[in-house]
Amino acid sequence: GACNNESRGALIVLEGLDRCGKTSQSSRLVSYLEGLGHSAELWRFPDRTTSVGQMISAYLLNQSELDDRTIHLLFSANRWEKRSMMETKLKAGTTLIVDRYSYSGVAFSSAKGVDLEWCKAPEIGLLAPDLVLYLDMPPEKASERGGYGDERYEHLEFQKKVAQCYQILCDPSWKMVDACQPIEDVQKQLQKIVLDNVLACRKGKPLSLLWS
Ligand code: TMP
């Protein structure tokens with residue numbers, strides 16, 4: 001049936017520096033899965049549509065100032081407010097392609113100097129992704145892309161620190177994809193990894209929680 005674990009959707013997260021191509025690759029992945037007849041949705045964090053998300057958005061647009069730990073907890077709350085919907089969708093068989101998740105939360109806040117373990121703590125108990133795709137691009141290259149510098153964190157020196165924090169967080173299960181390749185080549189590599197994962201989740205791979 002549609003509601004048992006055997007047919008659940010996959011929780012697939014794309015991570016990487018600002019302007020590495022995550023957003024366009026994420027929406028292409030959803031189209032790809034839908035084209036194969038799978039149920040799939042594009043999600044993103046921060047989700048700026050909620051009231052917490054609007055506070056985050058104002059901060060990112062430099063329209064408000066917040067203490068580093070306060071904004072960290074708002075980003076985390078923004079994931080917690082979506083958690084039950086996330087679980088419902090996955091259990092109903094929908095694969096979620098998520099543009100940024102807890103790893104962004106921890107990497108960006110710890111890049112400011114906030115203690116790594118403190119950053120992880122509010123994320124404990126959120127659903128763990130079945131797959132993390134890291135779109136790898138040197139900070140210098142990402143900074144040459146259009147629109148860079150529009151938001152608070154889009155500064156080369158800061159992004160270099162974020163890249164180092166992602167290095168600390170990444171584990172051997174992450175799939176690293178060279179995001180400097182042509183967009184079609186990146187997409188082909190992502191498609192194969194994602195499809196394998198979607199099929200594994202359908203076969204009954206259990207959901208797990210962060211950080212395990
Ligand atoms: P976006 O450009 O993907 O919408 O992300 C907005 C910015 O917020 C981006 O610079 C990464 C940062 N961020 C955090 O600092 N913490 C988080 O938890 C998330 C999801 C994003």
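The values are calculated or read from the model by the stated rules, or taken from the named source; none is laboratory data. The shown structure was predicted, so the numbers you read here are calculated from the model rather than taken from an experiment. Reconstructed Cβ throughout: ideal geometry from the backbone, glycine too, with neighbour counts over all protein chains shown. Side chains are part of the model used for accessible areas, which takes the heavy atoms of the whole protein and leaves out ligands, DNA and RNA. Shrake-Rupley method; radii C 1.70, N 1.55, O 1.52, S 1.80 Å.
The criterion of at least 2 residues that are touching a Pro at 6+ places or on another chain (Cβ under 9 Å) and buried (at least 19 other Cβ atoms within 10 Å of the Cβ) is met by the following helices (runs of 4 or more DSSP H) wholly inside the stretch 70-162: 102-111. Taken together, the criteria place Thr49 among residues that are open to solvent by 70 Å² or more (accessible area, probe 1.4 Å), polar (S, T, N, Q) and within 13 Å of the ligand (Cβ to nearest atom). For the stretch 172-190, a tally of residues being open to solvent by 70 Å² or more (accessible area, probe 1.4 Å) and either over 28 Å from Ser212 (Cβ atoms) or within 16 Å of the chain's Cα centre (by Cα) (or both) returns 8.
Does Ile193 satisfy being of a type outside the set (Ser, Thr, Tyr) and surrounded by 14 or more Cβ atoms within 10 Å (Cβ to Cβ)? It is true that Ile193 is of a type outside the set (Ser, Thr, Tyr) and surrounded by 14 or more Cβ atoms within 10 Å (Cβ to Cβ). Just one of (1) under 26 Å from Lys112 (Cα atoms); (2) of a type in the set (A, V, I, L, M); (3) part of a helix (DSSP H, G or I) fails for Met176. It is (3). Considering every residue within the stretch 33-41, establish whether at least one is assigned to a helix (DSSP H, G or I) and either near the ligand (Cβ under 10 Å from one of its atoms) or open to solvent by 10 Å² or more (accessible area, probe 1.4 Å) (or both). The answer is yes, given that some residue of the stretch 33-41 is assigned to a helix (DSSP H, G or I) and either near the ligand (Cβ under 10 Å from one of its atoms) or open to solvent by 10 Å² or more (accessible area, probe 1.4 Å) (or both).
Look at the stretch 1-19: where a residue is within 16 Å of Leu195 (Cβ to Cβ) and of a type outside the set (A, V, I, L, M) and a partner is buried (at least 22 other Cβ atoms within 10 Å of the Cβ) and at pLDDT 55 or above, sitting 6+ places away or on another chain with Cβ atoms under 6 Å, you get Arg8/Cys201; Gly9/Thr95. Residues of the stretch 198-212 that are open to solvent by 70 Å² or more (accessible area, probe 1.4 Å), in a loop (DSSP other than H, G, I, E, B) and either of a type outside the set (Lys, Arg) or at pLDDT 95 or above (or both): Pro206, Trp211, Ser212.
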